[in-house]
Amino acid sequence: MPTLVHILGPWHDPTVQYGDLIRAVKDARAELLAEVDTVAETQSALLLPSQDRERWSVLDVLDHIERTERSIAALLDRLYSRARERGRLVEVAMVDVPVGADYSDAIPRYDAVPAFPGTEPAGDRNLETIKDSLTQSRARLLDLAERGSRWDCSRLVAPHLIGRLNFYEWLYLAAAHDRLHTEQVVLLTGVR
């Protein structure tokens with residue numbers, strides 16, 4: 001089973017270019033949706049909700065990803081809004097952003113951590129509805145990410161099970177989460 005190091009590569013640099021971070025967020029979603037389109041063309045039965053809540057179908061994985069991303073976006077919006085209200089943001093063009101979290105040991109595989117409450121698949125949506133929701137949630141996340149290019153959001157932090165993550169690390173986590181579950185989709189389907 002692939003690990004996160006296998007999927008994302010080893011972590012070396014505590015800063016990344018803002019543009020590279022945003023590109024990683026966009027590319028991760030594009031890769032996920034490309035895999036799903038391949039599954040839809042070849043194994044559409046795998047796109048039905050699972051009856052076994054312990055074993056997710058591809059549709060369940062997508063539902064979970066969208067719910068997780070929605071919660072990340074809400075968190076980032078709250079962090080940003082509070083900091084803005086309190087006058088704690090500095091306007092600056094961010095080129096290099098701090099992303100010092102290394103997820104390779106903390107989340108080694110897609111099944112290593114149970115889904116957080118509220119991000120479990122509900123099994124109540126079809127593929128088109130979930131794909132539309134994934135597109136909307138990623139657009140929302142990218143809109144929020146744009147704030148991080150104009151304002152220094154590196155001190156906006158919130159806890160995660162792997163530690164305290166800053167605004168940019170949460171964005172990176174969204175991309176890593178997509179990539180991790182893309183590998184899960186590949187393993188579930190045997191496509192590739």
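In this structure, the amide hydrogen of H160, modeled 1.01 Å from its nitrogen in the peptide plane, lies closer than 5 angstrom to those of L165, counting only residues at least 5 positions away or on a different chain. For T15, the residues whose amide H sits under 5 Å from its own are V99, ignoring neighbours fewer than 5 places away on the same chain, with H placed 1.01 Å from N. Model label sites at D27 and E54, defined 7 Å from Cα along the beta-carbon direction, differ in position by 3.8 nm. Simple point charges give the picture: +1 on the Cβ of Lys and Arg, -1 on the Cβ of Asp and Glu, and for region 123-174 a dipole about the Cα centre of about 160 debye. Loop-located chymotrypsin sites (Phe, Trp or Tyr not before Pro) in region 125-189 (DSSP state other than H, G, I, E, B) with a sparse environment of at most 16 neighbouring Cβ atoms within 10 Å are absent.
FYI, it's all coordinate maths here, none of it is from the lab. Computed from a predicted structure; not experimentally measured. Cβ sites come from the backbone with ideal geometry, for glycine too, and all protein chains shown count toward neighbours.
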